[in-house]
Structures are given as C-alpha cells and as structure tokens.
Amino acid sequence: MIIGLVVVGIILLVAAIGIAMGALFCGDIMSYTDTGSKVLSPAGASSGKALVVYNPGLSGASKNAANEIAGDLQSKGYTVTLAGIKSTAAANTTGYDVVIAGGPMYWGRVSNSVDAYLKALKPQKGMAVGVFGTTGAPQFNDGDIATFGEQVTIDLGGVVLDKKAATKTIRSGDAANRDCSDFVSAVV
C-alpha cells in the first residue's frame, strides 16, 4: 500500500513537472519577464536607427545574443533601441532603418512571441529586417536551420521587403559572438 502511494506520488510529481515545462516552452511565459528597453548611442554621428527586439528565453542565451547584436550595430554607427519583446518600445517600428527580432528556438521554430511579432510587423520602405534564433547549444542540426528559415519566410509572407530578411541561428559559447557579428553584417 505504502509503495503504491509512493509510486503514485512520483508519477504525479513527474506529471506536474512536465506540465510546468510545457507551459514555459509552449506558453512562452519568459517573454513577459523582460519588458524594458534601453537606447545605445554610437560614439560618433549616427548612421541610422536600429531596433533589436528579443524574447529572453529560459537560458538567457537570446538576451545575450540581442545585447551582442545591439553592440555590433552600435559599433557600426547605429543608434540602437534594445527592447524586450513585450515592451512598448518593441511595438513601435516607425522611423527605424533596421528591425531585428529574435528569441529561443524550440524544435526548429522560434518562440510564439517572436512568431506573433513577425506576423504583426509592418516594415517601412527601405527597412532592413533580420530574425535570429538561439539554441542554447554550441551546435545545432541542419533540419532546425531549414525549419527556422521557412518559418520566417511564412511569417513575413505578406510583407514586401526591399531585400529578403536575414536569418541566423546563434550558437552558445564562444561561437555566439562570431554568429552575431556575421548576422549583423548580413542585415546591414
């Protein structure tokens, strides 16, 4: 009897943990944890305005990548607004030359909040658009990259861009800085 109760208790605990993890991933709860924004000014005259929007994700890899991307844009002379995806700054894309959005990827797809952001995006003429996804791992599989690119194309399907949106999967660790720099070069 006691062993049966212990087994049932363990099963209920595992189920509760599974439900909680599903809510974190599928419910995209982490997108609500970073609703602020900040502006980074270039050292000299500004060559344009950029908006970098991110969902921080569970591991923080997406927030780290967004900070790195914002720094790279700043070093290229852009005045950069770095904003959490649920912030008021992220909602207004008017007046930006570059808009970059990103967050964690789960099974080759960007998070729900990034997906919704891309579908609602109304870029202006001449605006450059980039989308990044983080895996939280130093390596990723080619299938995830292909799925990610297809999703971004579908999400931006109704939007007419002057040039195709740049996409990049950002690895974690030492490779992340290089990935972010390569991505910024592709966008601008």
5 angstrom amide H check on Thr81, placed H, neighbours 5+ away: Leu40, Ala50, Leu51, Val52
Cut-off under 5 Å, modelled amide H: who pairs with Leu58 long-range: none
Apportionment of accessible area to carbon and sulfur, region 87-137, percent (1.4 Å): 53
Over 19 Å between alpha carbons, listed pairs Lys63/Lys125; Lys38/Lys63; Lys63/Lys86; Lys125/Lys168: Lys63/Lys125; Lys125/Lys168
Square roots of 5 times each gyration tensor eigenvalue, C-alpha, region 38-87, largest first, Å: 21, 11, 6
Highest average packing first - 39-50, 65-76, 1-12, Cβ atoms within 10 Å: 65-76, 39-50, 1-12
Order by protection proxy (mean Cβ within 10 Å, highest first), peptides 171-183, 80-92: 80-92, 171-183
Semi-axis lengths, Å, region 51-139, gyration tensor of Cα atoms, sqrt of 5 times eigenvalues: 20, 15, 11
Where chymotrypsin sites (Phe, Trp or Tyr not before Pro) fall in DSSP loop in region 79-139, at most 15 other Cβ within 10 Å: Trp107
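The values are calculated or read from the model by the stated rules, or taken from the named source; none is laboratory data. Keep in mind that this is a model prediction, so the values were computed, not measured. Cβ coordinates were reconstructed from backbone atoms using ideal geometry, including for glycine residues, and neighbour counts include every protein chain displayed. All accessible areas refer to the heavy atoms of the entire protein, side chains included, with ligands and DNA or RNA removed. Shrake-Rupley method; radii C 1.70, N 1.55, O 1.52, S 1.80 Å.
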